[in-house]
Every structure is written in structure tokens, then in C-alpha cells.
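Have a look at the structure below, then the notes.
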Amino acid sequence: MECEESLERMMRALDGELPDREWRALEAHLEVCDRCRARWEGLLAAEEVLQQAPLLSPPPGFVGRVMAQVDRRRARQRAFFGGLVLAAGTALVILISILPILWALPGLAGLAVVVSHSGGLLLDHLVGAARLLLNSLGLLAGALLVQMLPLALCSLMTAMLLAGLWWGLLRRWQVVAT
């Protein structure tokens, strides 16, 4: 038996959970291992001190304070993850609202075809694709600024409204829970 295994068995023996067969194996190890025998004697001494020590009750209100702290921590976690889900949902709504413009931009569909082709002209195609992508980004910026500004503002206002509603509901739930 190795010392690591004997330590685990010592702990189980102190708890009264060690079967007789394993107890005999532990005793045999303690007879030959001075380090483990010293550790076992120390554990027995500590167990005796703990058995003789008086049990103290927690101060009044301790459990209530601890549980209130646990509840506050859980509420903060729920608020954080709820806000995270709200932000992800808002980003998804904005992406879905911009996706038709991205799809309709000239040359963007051709980018997929250029990237999918392979061969000797791959480098030329990649340079052309990079140029096309930069042009497309410029067109996208112009389209967003001119045509999509009302939609972007509406999406932003919707996101702010949803976030405000979410935080208001969280505060109301926290007041009701406490």
C-alpha cells in the first residue's frame, strides 16, 4: 500500500467507514511505515481534542445573514446572465436586420465564389477578394449611414427599452424576494 492510499484510509477509519479488510491492510502499512504511523498518531490526537471540545451554536441571525448573502449572490448572477442573454439577443436582432443589406451589396456574393476556387490564381483572387471586401465595407458604411440610420436608431432604442425593462423587472423581483 502506498502512503497516499493509507492517508485516504486513515480518514475513512476516523469517520468509521473503513471495512475490516482495509483496516487490516492499513494496520499492516502502519507497522512498516514510520511516516504514516506518525501521521496516524497525530490524527488520533487531533480527533481526541475535537471530541472533547464543546460544540458552539452559531450566533443569533447567522444563518439568516448567510442565506441572505447567498440569495444576493444568486440574484446578481441571474441579473448578469439575463443581461448577457439580452445583449446577445439584441445583437442577433441587429444582425438579422442588417443581413439583407449585406446580401444585396454588389460583389459580396461573388466573394464566396472567388474564395471557393483554387489553383494557380489563388493569390490574385485573394487580393481581388480583399479589394472587393474593402469596397463592400465602404458601400456598407455608406448604406448604413444613409439608408439604415433610422433602423439602427430604432434597434438601439429597442435595445435600451428592453434593457430598462429587464433591470426594472429584476429590481421588482429582488424587492419581492426579500
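Nothing in this text is a laboratory measurement; each read-out follows from the coordinates by a stated rule. The structure displayed is predicted, hence computed values, not measured ones. Backbone-built Cβ (ideal geometry, glycine too); neighbour counts: all protein chains shown.
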Picking from 78, 12, 39, the residue that is basic (Lys, Arg) and free of Cβ contacts under 8 Å to residues at least 24 places away in the same chain would be 12
| Are any of the residues in region 64-79 of a type in the set (Asp, Glu) and surrounded by fewer than 12 Cβ atoms within 10 Å (Cβ to Cβ)? | no
Scanning region 28-65 for residues that are basic (Lys, Arg), within 41 Å of the chain's Cα centre (by Cα) and closer than 20 Å to residue 11 by Cα gives 39
Subset of region 10-41, residues among the small types (Gly, Ala, Ser) and surrounded by 11 or more Cβ atoms within 10 Å (Cβ to Cβ), comes to 13, 25, 28, 38
